[in-house]
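Q: Please read through the structure below; I'll follow up with questions.
What follows draws every value from the coordinates through simple rules; no lab data is involved. Since the structure is predicted, the reported quantities are computational estimates derived from the model, not experimental observations. Neighbour counts run over all protein chains shown; Cβ positions are idealised from the backbone, glycine included.
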Amino acid sequence: MKTAILSLAVAMALPLAVKAEEVKVQAYNDFYIGVAAGQAEVSINDAGNEDFGKTLKLFGGYMFTPNLGMEVSYTDVGDGVWVDWTDCDSDGCYTKTREFAGNVYTLSLVTKFKLIGDAHFIGNLGYHSTTTDLYTVVDYDYEDHTLIKESNSEDGFYGAIGLGYDITESLAVQVKYDIMFLDAADVTNLSLGIVYKF
């Protein structure tokens with residue numbers, strides 16, 4: 001009788017043990033994809049900080065453990081237009097205008113730590129490749145404007161910090177602040193995104 005009871009207990013416990021192991025494996029092998037929209041700011045060395053329109057970010061990754069993984073992303077940092085200065089001389093007035101557009105690709109380590117309830121901290125550290133187009137337009141009252149285009153492609157350090165919240169086991173939202181360090185400018189992006197885990 002004791003043997004039968006023990007066998008029955010083992011048989012009942014085995015599915016639970018398998019289920020627990022599946023949950024453990026899933027936690028350590030967590031693919032995810034996401035999309036985010038936000039606001040970029042570009043700090044150009046000789047032109048100061050300027051805000052831009054909405055950015056679009058696509059990203060995905062794989063968690064090796066619940067706390068460590070790899071992530072790749074693409075961000076369109078939008079377009080920006082601002083006036084550097086306006087001046088006048090004996091012939092008339094002229095205005096110098098800057099226009100900026102850029103795309104950012106990143107590869108980074110990502111870390112996640114549980115905070116309170118379903119909230120968690122997110123941090124990234126890695127590498128970025130950024131392509132930028134900087135247009136300088138000088139408009140004259142008394143003649144046609146001149147246009148100078150500078151295109152650059154730079155690599156450098158990438159970092160990010162953020163907060164996430166798990167809505168369900170498969171769905172989460174996050175707020176994130178990214179920064180890409182360039183020689184001529186630094187690009188930052190504050191975004192709100194949604195993440196699907198599978």
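Q: Going by how many other Cβ atoms sit within 10 Å of their own, how do THR65, THR97 line up, fewest first?
A: By the 10 Å Cβ count, ascending, the order reads THR65, THR97.
Q: One quarter of the convex hull surface, Cα atoms only: what value does that give for the range 153-198 in nm²?
A: Result: a mean projected hull area of 4.0 nm².
Q: Where does each of SER129, SER153 land when they are ranked from fewest to most other beta-carbon atoms within 10 angstrom?
A: SER153, SER129
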